[in-house]
Amino acid sequence: MAKIYPRLESFEYNEKISFVENQLVSKGKYDYVVTDADLHWLPMGNRVELKELETLRSNIIDFISSEDLRPAASAQARTAFDRKLGLKLREWLDITPSIAADTGMWAYMNIMLVPELIRLRWGYTEKGEERKINYERYYDTNRAYLKKLWFTAYMINDTELYLRMKQDEIDIWYDKTFNRGQDRYIQCVFTNFYKNIEAFNITAEVNDLYRQFFKVVNRKLAYINWYALLYSSGTDKFLDDCFKTAYKNFNEFQEATKRITGTDFSGETPKIVAPVKSHAVEAALKRLREHEKHSLGEDFKHLIPIGFILAGLPFENISSWIDLFTTLISYLSKKAPEETRSLADNSRFVSSAGKKYFSANNTELRSPQKIMNNFYVETNLSTERFTYLIGEVLDFFKISRDKFEIYLQE
């Protein structure tokens, strides 16, 4: 039977982080001391013994040493370390997805069990310069470090594939599936996707298809009980139907993009974003690039943009995420108006709760902003949702995300 591990309550997070960070700074080391009286537990399963906790800590510390993880490490070296540690966590932890869905458990491990690892992995730049850790790496539902490693290793369940997949592919899988915490859900979805990739003989880049597939799955699961599907042996048919719907949408997106860009999806920069260089453009590029460049996928909470660069074309005088988002959509609407309007009818840009992000009718949105006739965008969104949608829109137009540079107030 699966084990359960101790957990922290959310009100304890900041106090415990301060405690362990003070130890690391003042002593240069961390003393892990715990008794049963200190621990909180989920009301299920067999509790691990203190000896097992100490063994887990020892295993992780020894693994850091064996892999020679250093403060100055490249992004590639850190990613390689993460993959290997994810596989080790699957081996060391006897837990189910239902138990692993508890963020408090991972908060305990990240904050109390191995805070040295969080400091080493997230407290330094690639050049080895110390930086402030984003505390979400300790306890956030989406970003808790060890939680993400365990779930990605669990859901893929194929060591060779796991080690060779691109990080953005893994991130998509994790973002779409990890938080359900339902036994077999993750692996069923993952296995079905790759079965259909092979059956349909798909050789193109599949990142966009990932997103399409999960949007369809999650939208339908809002009205269907997953466990009912399991008991009726209907999961394969359900997921096959989801894949067919997603693949149809995927092909339609490709055809639309081909019409407006003239590309064959070989990775060329779409013509719609090829800027004409001038002295004014060069000056604007120089002004923006005096600031640090940021990219999609970073945490922008409480940060304000001042501009962005899209495939070499600068956009200044931005003062909010609403400005940034609407400026991007306005630009695309001028270059490809019909394709931009098609976002309003695209199921890809509808939330799992059925709310639209683009619409031809302003009454369908909570806080609409008009972009052009019969086309509005939703602006009542979080920073995280704005950046997510920007990435989705770039993918729709087949514009590489690495061609989108964000610049922030300092």
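Overview of results
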read-out	value
Given (1) under 31 Å from the mean Cα position of the chain (by Cα); (2) modelled with pLDDT under 95, index of the condition Leu56 fails	(2)
Residue match in the stretch 262-285 (condition: surrounded by 12 or more Cβ atoms within 10 Å (Cβ to Cβ), at pLDDT 65 or above and not aliphatic (A, V, I, L, M))	no
Helices (runs of 4 or more DSSP H) completely within the stretch 287-398 that count 2 or more residues being under 25 Å from the mean Cα position of the chain (by Cα)	321-335, 383-396
Residue in the stretch 27-36 that is among the β-branched types (Val, Ile, Thr), open to solvent by 50 Å² or more (accessible area, probe 1.4 Å) and free of Cβ contacts under 8 Å to residues at least 12 places away in the same chain present	yes
Tally of residues being assigned to a helix (DSSP H, G or I), open to solvent by less than 30 Å² (accessible area, probe 1.4 Å), at pLDDT 70 or above and not aromatic (Phe, Trp, Tyr) across the stretch 187-217	11
Qualifying residue in the stretch 50-61 (condition: touching a strand residue (DSSP E or B) at 6+ places or on another chain (Cβ under 9 Å), in a helix (DSSP H, G or I) and farther than 18 Å from Tyr124 by Cα)	yes
Failed criterion for Thr326 (all others in (1) out of contact with any Phe, Trp or Tyr (no Cβ under 9 Å at 6 or more places or on another chain); (2) modelled with pLDDT under 90 hold)	(2)
Hits in the stretch 218-242 (condition: among the basic types (Lys, Arg) and at pLDDT below 85)	Arg219, Lys220
Subset of the stretch 40-83 (residues that are without any contact (Cβ under 8 Å) to a residue 24 or more places away in the chain and farther than 15 Å from Pro6 by Cβ)	Ser58, Asp62, Ser65, Ser66, Glu67, Asp68, Gln76, Ala77, Ala80
Answer from Leu69, Leu85, Leu120, Leu53 - the residue that is under 29 Å from Arg164 (Cα atoms), open to solvent by less than 20 Å² (accessible area, probe 1.4 Å) and not basic (Lys, Arg)	Leu85
Pairs, first open to solvent by less than 30 Å² (accessible area, probe 1.4 Å) and polar (S, T, N, Q) in the stretch 371-387, second at pLDDT below 95 and assigned to a strand (DSSP E or B), C-beta under 7 Å, six or more apart	Thr379/Gln369
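The values are calculated or read from the model by the stated rules, or taken from the named source; none is laboratory data. Remember, it's a predicted structure, so these values are computed and weren't measured experimentally. No Cβ is skipped: glycine too gets one built from the backbone with ideal geometry, and neighbour counts run over all protein chains shown. Only protein heavy atoms, including side chains, enter the accessible area calculation; ligands, DNA and RNA are left aside. Shrake-Rupley method; radii C 1.70, N 1.55, O 1.52, S 1.80 Å.
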